[in-house]
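This report concerns only the one structure given below.
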Amino acid sequence: MLRTFQILNDSLESSKEHAILTYDEDSEQYAVHIPKSVDCNELPAILSLLAKQGIRELDDKWARRFVSERVVPADRQNIGMIMRKLHMKKYSEFPILEYTSGRCCMDDFYLQEIK
């Protein structure tokens with residue numbers, strides 16, 4: 001099943017979409033689409049750097065890097081407690097990303113699922 005999320009920013013007056021993150025639950029692959037209309041300076045750091053280079057369609061490698069910057073890493077001291085809270089038997093970034101809505105302490109961006 002393909003899940004689709006808008007990447008939004010809390011600090012802006014409007015909840016303007018900045019990019020789209022997709023996650024294929026079957027293949028466990030991510031992708032990011034950054035519309036040409038979005039200013040490179042209004043994106044999370046890694047997406048901004050790539051957009052400035054003209055890369056607006058991110059494959060799994062780059063999209064996964066974006067995701068991994070926004071979730072608790074597998075080697076975190078209390079990862080077992082976090083995994084138990086989320087009923088996870090093995091570490092996976094997606095349940096953590098979904099639980100936190102992609103929020104992190106580095107910026108005001110978050111994810112909102114498109115139903």
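Listed by first and then second residue, the pairs linking a residue in the range 52-75 that is within 13 Å of residue 21 (Cβ to Cβ) to a residue that is surrounded by 16 or more Cβ atoms within 10 Å (Cβ to Cβ) and of a type in the set (Phe, Trp, Tyr), with Cβ atoms under 6 Å apart and 6 or more places separating them unless they lie on different chains, are 60/30; 63/30; 64/30; 67/30. Could you go through the range 3-25 and let me know if any residue there is at pLDDT 95 or above, part of a loop (DSSP other than H, G, I, E, B) and touching a Pro at 6+ places or on another chain (Cβ under 9 Å). No: the range 3-25 contains no residue that is at pLDDT 95 or above, part of a loop (DSSP other than H, G, I, E, B) and touching a Pro at 6+ places or on another chain (Cβ under 9 Å).
Pull up the range 15-25, narrow it to residues that are surrounded by fewer than 20 Cβ atoms within 10 Å (Cβ to Cβ) and among the hydroxyl-bearing types (Ser, Thr, Tyr), then point me to the one that is farthest from residue 4 (Cα to Cα). Steps first, please.
Quick first cut of the range 15-25, residues surrounded by fewer than 20 Cβ atoms within 10 Å (Cβ to Cβ) only: 15-17, 20, 22, 24-25.
Now narrow it down to the ones that are among the hydroxyl-bearing types (Ser, Thr, Tyr): 15, 22.
On the way: 15: 17, 22: 4 Å.
Applying the filter and picking the extreme gives 15.
Take the residues in the range 26-47 that are out of contact with any strand residue (DSSP E or B) (no Cβ under 7 Å at 6 or more places or on another chain) and under 23 Å from residue 94 (Cβ atoms), then tell me which one is surrounded by the fewest Cβ atoms within 10 Å (Cβ to Cβ). Going through the qualifying residues, I end up with 26. For the range 48-59, taking the residues that are part of a helix (DSSP H, G or I) and small (Gly, Ala, Ser), the one that is surrounded by the most Cβ atoms within 10 Å (Cβ to Cβ) is identified as 51. Residue selection: residue 67 satisfies the criterion of being within 16 Å of residue 31 (Cβ to Cβ), surrounded by 13 or more Cβ atoms within 10 Å (Cβ to Cβ) and hydrophobic (A, V, I, L, M, F, W, C).
The values are calculated or read from the model by the stated rules, or taken from the named source; none is laboratory data. Owing to the predicted nature of the structure, the values given are computational and were not obtained by experimental measurement. For neighbour counting, all protein chains shown are included, and Cβ atoms are generated from backbone atoms with ideal geometry for every residue, glycine included.
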